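The values are calculated or read from the model by the stated rules, or taken from the named source; none is laboratory data. Keep in mind that this is a model prediction, so the values were computed, not measured. All Cβ positions, even for glycine, are placed from backbone atoms using ideal geometry, and neighbour counts span all protein chains on display. We work out accessible area using only protein heavy atoms, side chains counted, and drop any ligands, DNA or RNA first. Shrake-Rupley method; radii C 1.70, N 1.55, O 1.52, S 1.80 Å.
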Amino acid sequence: MIELRDLAYVRLGTRDLAGAERFTTEIVGLQPIERTRDRLKLRSNHRHHSLCYFEGDERDHMVGIEVKDWTGLDEALIELKAAGVACERGTAEESADRAVEDFIWFRDPSGNRIELVARPHEANRRYFPTRDAGVSGLGHIGLNSTDPARDEAFWTKHFNARVSDWIGSAPLLRIKDIHHQLALFPTDRPGVQHINHQVESIDDIMRSWYFLQERQIRIVFGPGRHATSGGYFVYFEGHDGMVYEYSNSDRFIVEDEATYRPRQFPMEHASFCVWGSKPDIPEFQ
C-alpha cells in the first residue's frame, strides 16, 4: 500500500492567465509567487505553492499529493504497474516546475491525472495574502468520478485513503486525521470538481460571503454547515467555471481504524447542509 501524507497542489489549464491572476488574487486572496508567460503559481500557506494555472486547455487538471516515504516512489511505480495502472516518472524539468524533488504520475480509473510527489518545497518567505480572507491553506478537493464505487475501491486498495462518510454514492476520503481530503462526486468526465481552502474562522466565511456578494461573484452554495465534516462553508464560482470553497472547523477523526464507522447519508440537500442551504452545483444534486 502506498502511504499518502497530504495534498500538495492543484494545476489547472486556462486560456486566460490574466483572468486567472485577477480572480485568484483579488477575490480568492492567494499570494502570487511566480508569473511567467505561461505559468501562474500561487501560495496559500507555508508551501512553495498550492495552485498553479498554466497556459492550456481549461479541462486539463492535475492533482499533486505528497507521499509519506520520500524514498518510496520507485516502490510506488512497481506497485501501480503490477496492478495494471499506467504510470510514468516526471522529468527533472517537470519536477522543478512543480517545486518538488521528484514525482510520478498516473491516471485513476476515471481518467484524473494524479501526481505523487516527494519532498515538495517549503516557502522561504512568509506567506502574505493579497486580501484578508483568512486563508490558511489548501484543504481538500472534489474530484470527478465516472464510477464512485470503483474509484473508492481503487483509492482504498492501493493507498491509505479511508472512507469517512458517504453522501449517496459519493465517498469522502481522508488520508490524514481531518475528515476528508478527496471527495469523489459522480459525473461523466474527469477533472477537479471544486477546490477548498481552509480559513481561520466562521467570521472569515461570513466576511467573504458579503465580499463576494458586493462584487457580484456567483455564490453556488452557502453559507452553511456540512452534515458530514461539520465544517462551516461557502462555495462560489471562479475562473473558467471552477468552484472554490472556503471552510473551517472540519471534523477530526482520531479513532482507531478498527472502531471508526463511516456514516451513509442520502443524496439529499440536507445531507450537504444542516442549515438548509441548497447547492446550485450539478454534482451535488
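Things to note:
- Relative to its Kirkwood radius, the Cα radius of gyration of the range 109-210 gives an Rg/Rh of 1.02.
- Taken as Cα centroids, the range 27-73 and the range 79-136 sit 8 Å apart, rounded to the nearest whole angstrom.
- At a probe radius of 1.4 angstrom, the accessible area of the chain per residue rounds to 44 square angstrom.
- At q = 0.26 Å⁻¹ the log10 of I(q)/I(0) for the range 199-249 amounts to -0.98, computed by Debye summation with a single uniform scatterer per C-alpha, solvent ignored.
- Within the range 1-89, all pairs of alpha-carbon atoms sorted by distance into 5 Å bins from zero give the percentages 3, 13, 19, 19, 15, 12, 11, 7, 1, 0.
- Calculated on the Cα set of the chain, radius of gyration then Dmax: 17.9, 53 Å.
- Taking Cα centre as origin and charging only the Cβ of basic (Lys, Arg, +1) and acidic (Asp, Glu, -1) residues, the dipole magnitude of the range 118-238 rounds to 280 debye.
- Cross-link partners of residue 157 among lysines, defined as those whose alpha carbon lies under 26 angstrom from its own and excluding same-chain residues fewer than eight positions apart: 68, 81, 176.
- When 41, 278 are compared by accessible area of protein heavy atoms, the largest-first order is 278, 41, using a 1.4 Å probe.
- Inter-label distance, nm, simple model (7 Å from Cα along the C-beta direction), residue 176/residue 96: 2.9 nm
- Unit charges on C-beta of K, R, D, E only; dipole of the range 12-112, Debye: 340 debye
- A 1.4 Å probe, protein heavy atoms only, puts the accessible area of residue 74 near 80 Å².
- Estimated 222 nm signal from helices in the chain, with DSSP H stretches of n ≥ 4 weighted -39500 (n - 2.57), rounded to 500: -5000 deg cm²/dmol
- Centre separation in Å (Cα based) which lies between the range 193-222 and the range 231-280: 14 Å
- Its Kirkwood hydrodynamic radius, worked out from the mean inverse distance over all distinct Cα pairs, puts the range 133-285 at 15.7 Å.
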